[in-house]
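I have placed the structure first, in the form of structure tokens, so that the comments after it can refer back to it.
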């Protein structure tokens, strides 16, 4: 993967040297995304730049790149895994290719097919194409938003980039926190739709393209793909569970195999859970013993999964690298994590991924296969089981025993012991009266998350008084959303909030690319997704057995302990990383100081002081789930303010000066 950026100014032209300096400043902040080569294209009022992480056809494939006839020029980030098949189709039409990379296929597919080219791509991508003949600029992002793409659009100026920090390098670009973005992040664990945590900075939504007519500055922004349950095939019910599991396994194998294609070393992440174990097993079956695996281990037993990693490796020997994470390690890199994540965080979990990608880079591995997406696709999270139980209980609210199923969901959580049953019953009982059926599945999570709003300053709360969780979600759901069943609605919301707003971005691409590592996601393969949408829900979750069909597909090839393991969500120590022995508090004291809190105006300093005073090294184990989230959200948002808005470290964050290997000026 790579870094892309560019701009078009309808009102103001630049001389070529000034234009070059602007794009150079923007690219300087993307070198971590592509340290191998740098290129720029300039034409009148438009400039496009590229930082390359060389994965395919390393000797060629420099960007920006032209279409076969010289009309279209592209700056491209990503991988289209079925590019060879598309190349053959284009070659049959007489297109001549000069390289063996997918970039050339993408730009020529657009030249020949226009917007319809997006329907052919199976991959992860974000790109911009300048069409000289039609005087248009075309941007597109992959189905799930695996790769980032942001833009600023105002008063005839359009600026785009893989990362927001690069847009802020454009001359005189205003930098402000967005109340709407903060509200969304505090409500859903991530921003949704086109929002970001910065005012006037938008993200191109997943599965969406944006097209600008450079003559009139008319703009169209349309979805070309979304999750769709209307294509469900009733005939699939005639197939046996074993047949469906077998077909699914074949598709996952195919998805893994095409993602191993690269001209550089490839590896995988191995957590010890089902999803990553399946990917590692499929890699093992290829017989390629050069592929390395990478795992994290924690000093905190509550977070460490080494036991299950070792169970897997006994059956499937790998060249595995284990990175052992201490609490102070998370503290030491948290500023860098927020700098690269560019969003408010509610967990420290991205920090170990930041550290692990550094380890991957040091091992000279450029590509990693990882298991994100399986929990959303195959009903793996507790939120799906919780929804089934709440629906069951709602049918007979007065039942004395239906509630007890909730207790069985979370045996690992202390607060589900008998002393807390009555309190939890009242909490869940209240959730059954939630009036918005479309969002019933996520009502408990949103309520928990919005408890953090009480720490906001009065002026900031006033600025978001007209927002509501339901109104924000209504902006992103399809018209026929209410016709779907409750688990389908839950799946859609989980993909649009947690997966796209956090797991693929703040914890995924942004942490990996901070050290020039490309992540690939077999479970989000186009064919796997299309097939999974047709699998009946009762096969994805058999009663309360999560990922039932996935476990069925791999029960004979993975250790029983991994197949039958209760879902263990990946987490890292949160408050422990900021308070306690061996942790330096100087930075945290700065970011939670009254002076900085008052200057930023987001949080109420009195409330924050009371919150933090509740917890010391001796009382840290008593922290509530809500307070734990609040502490991380407060610290991360203040780092965000300090680095991006106040700009105390912004100028020092540029990686280094670049030397262009490709410079095209027309």
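The values are calculated or read from the model by the stated rules, or taken from the named source; none is laboratory data. Please read all numbers here as calculations on a predicted model, not as lab measurements. Please note: Cβ atoms are built from the backbone with ideal geometry, for glycine as well, and neighbour counts cover all protein chains shown.
It is to be established whether one or more residues within the range 190-209 are closer than 21 Å to residue 633 by Cα, in the same structural domain as residue 66 (by TED's automatic domain parsing) and in a helix (DSSP H, G or I).
no
Limited to the range 249-266, what total is found for residues that are in contact with a strand residue (DSSP E or B) (Cβ under 7 Å, 6 or more places away or on another chain) and over 23 Å from residue 552 (Cα atoms)? Break it down into steps so the answer makes sense when it comes.
The initial filter retains those residues of the range 249-266 that are in contact with a strand residue (DSSP E or B) (Cβ under 7 Å, 6 or more places away or on another chain), namely 256, 259-260, 262, 264, 266.
Then keep just the ones that are over 23 Å from residue 552 (Cα atoms); that gives 259-260, 262, 264, 266.
Final tally of qualifying residues: 5.
Taking only the range 478-525 into account, find how many residues are assigned to a loop (DSSP other than H, G, I, E, B) and modelled with pLDDT under 95. I'd like the intermediate steps shown before the answer.
Step one: of the range 478-525, the residues assigned to a loop (DSSP other than H, G, I, E, B) are 478-480, 484-485, 504, 514-517, 521, 525.
Of the ones still in play, those that are also modelled with pLDDT under 95 are 478-480, 484-485.
Number of matching residues: 5.
Condition first: within 25 Å of the chain's Cα centre (by Cα) and at pLDDT 95 or above. Now tell me which residues in the range 227-260 satisfy that.
From the range 227-260, those within 25 Å of the chain's Cα centre (by Cα) are 227-229, 248-249, 251-260; that's our starting set.
Passing the criteria: 248, 249, 251, 252, 253, 254, 255, 256, 257, 258, 259, 260.
Residues of the range 460-476 being at pLDDT 95 or above and in a loop (DSSP other than H, G, I, E, B), which ones?
none
Would you please name the residue that is farthest from the chain's Cα centre (by Cα), looking only at residues in the range 539-564 that are in a loop (DSSP other than H, G, I, E, B) and buried (at least 18 other Cβ atoms within 10 Å of the Cβ)?
Within the range 539-564, the match that is farthest from the chain's Cα centre (by Cα) is 558.
Would you check which residues across the range 182-201 are within 19 Å of residue 474 (Cβ to Cβ) and surrounded by 21 or more Cβ atoms within 10 Å (Cβ to Cβ) and list them? Show your work before the answer.
Pass one, the range 182-201, residues within 19 Å of residue 474 (Cβ to Cβ): 183-195.
The answer is 183, 184, 185, 186, 187, 188, 189, 190, 191, 192, 195.
Only one of these conditions is not met by residue 131: (1) in contact (Cβ under 8 Å) with a residue 24 or more places away in the chain; (2) buried (at least 22 other Cβ atoms within 10 Å of the Cβ). Which number is it?
Condition not satisfied by residue 131: (2).
Which fully enclosed helices (runs of 4 or more DSSP H) of the range 324-410 have 2 or more residues being under 22 Å from residue 291 (Cβ atoms)?
Filter on the range 324-410 gives 350-362.
For the range 9-26, how many residues meet the condition of being out of contact with any helix residue (DSSP H, G or I) (no Cβ under 7 Å at 6 or more places or on another chain), under 19 Å from residue 157 (Cβ atoms) and either at pLDDT 95 or above or in a helix (DSSP H, G or I) (or both)?
Of the residues in the range 9-26, 9 are out of contact with any helix residue (DSSP H, G or I) (no Cβ under 7 Å at 6 or more places or on another chain), under 19 Å from residue 157 (Cβ atoms) and either at pLDDT 95 or above or in a helix (DSSP H, G or I) (or both).
Is it the case that some residue within the range 273-284 is at positive phi, out of contact with any strand residue (DSSP E or B) (no Cβ under 8 Å at 6 or more places or on another chain), in a loop (DSSP other than H, G, I, E, B) and crowded, with 20+ Cβ neighbours inside 10 Å? Don't jump to the end; show me each part of the working.
Looking only at the range 273-284, we keep the residues that are at positive phi, and these are none.
Checked the range 273-284: no residue is at positive phi, out of contact with any strand residue (DSSP E or B) (no Cβ under 8 Å at 6 or more places or on another chain), in a loop (DSSP other than H, G, I, E, B) and crowded, with 20+ Cβ neighbours inside 10 Å.
Which of the residues belonging to the range 27-38 are outside any helix (DSSP H, G or I) and crowded, with 24+ Cβ neighbours inside 10 Å? Spell out how you get there, then give the answer.
Of the range 27-38, the ones outside any helix (DSSP H, G or I) are 29-30, 34-38.
29, 30, 34, 38 - these are the residues of the range 27-38 that are outside any helix (DSSP H, G or I) and crowded, with 24+ Cβ neighbours inside 10 Å.
With in contact (Cβ under 8 Å) with a residue 60 or more places away in the chain and surrounded by fewer than 19 Cβ atoms within 10 Å (Cβ to Cβ) as the only criterion, which of 297, 262 stands out? So that I can check it myself, show each step before the final result.
Values: 297 fails: in contact (Cβ under 8 Å) with a residue 60 or more places away in the chain.
Only one candidate qualifies: 262.
Picking from 451, 457, which residue would you name as being surrounded by fewer than 23 Cβ atoms within 10 Å (Cβ to Cβ), outside the structural domain of residue 336 (by TED's automatic domain parsing) and modelled with pLDDT under 95?
Working: 457 fails: modelled with pLDDT under 95.
From the options 451, 457, the qualifying one is 451.
Just the residues that are crowded, with 23+ Cβ neighbours inside 10 Å and either in a loop (DSSP other than H, G, I, E, B) or out of contact with any strand residue (DSSP E or B) (no Cβ under 6 Å at 6 or more places or on another chain) (or both), please, taken from the range 146-162.
Correct list: 146, 147, 148, 149, 162.
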